[in-house]
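Working notes, structure below.
The values are calculated or read from the model by the stated rules, or taken from the named source; none is laboratory data. Note that this is a predicted model, so its numbers are computed, not measured. Positions of Cβ are generated from backbone atoms using ideal geometry, with glycine treated the same way; all protein chains shown enter the neighbour counts. Just so you know, the surface numbers come from the protein's heavy atoms only, side chains and all, with ligands and any DNA or RNA stripped out. Shrake-Rupley method; radii C 1.70, N 1.55, O 1.52, S 1.80 Å.
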Amino acid sequence: MPPRVNLHKCTGCAGLPESRCEEACPGDLMAVDETSGKAFCRNTRDCWDCMSCTKACPSAAIETRIPYQLGYHKATLRPIMGKDKIIWKCVDINGQE
């Protein structure tokens, strides 16, 4: 499933020449809208769920939905970046972590 950007959290990495998600995306699919200053995926059909943008986002504004076959539509998976590790936060369809 393609990345989902929380527009309330996204800053578009203001002040940087290129946002972190744009830098991280190996498919060159992430971009920042010139009007809103918020990140978005240019072509969700081409996204292969590598989660690079999700891991690179400094404001934790990007999450990846777990494929329907694994967790239904409301389930999410989000990394919490530590200094030497990544903790994955998984929320099931009932909102339970």
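Scanning region 56-96 for residues that are of a type in the set (Lys, Arg) and at pLDDT below 70 yields Arg65, Lys74. Residues in region 1-51 that are acidic (Asp, Glu), open to solvent by 60 Å² or more (accessible area, probe 1.4 Å) and under 20 Å from Pro79 (Cβ atoms) were compared, and the one that is modelled with the lowest pLDDT is Asp49. Taking each residue of region 15-39 that is under 10 Å from Cys53 (Cα atoms) and looking for partners that are aromatic (Phe, Trp, Tyr) with beta-carbon atoms closer than 9 Å, six or more apart or interchain, yields Pro26/Trp48; Met30/Phe40.
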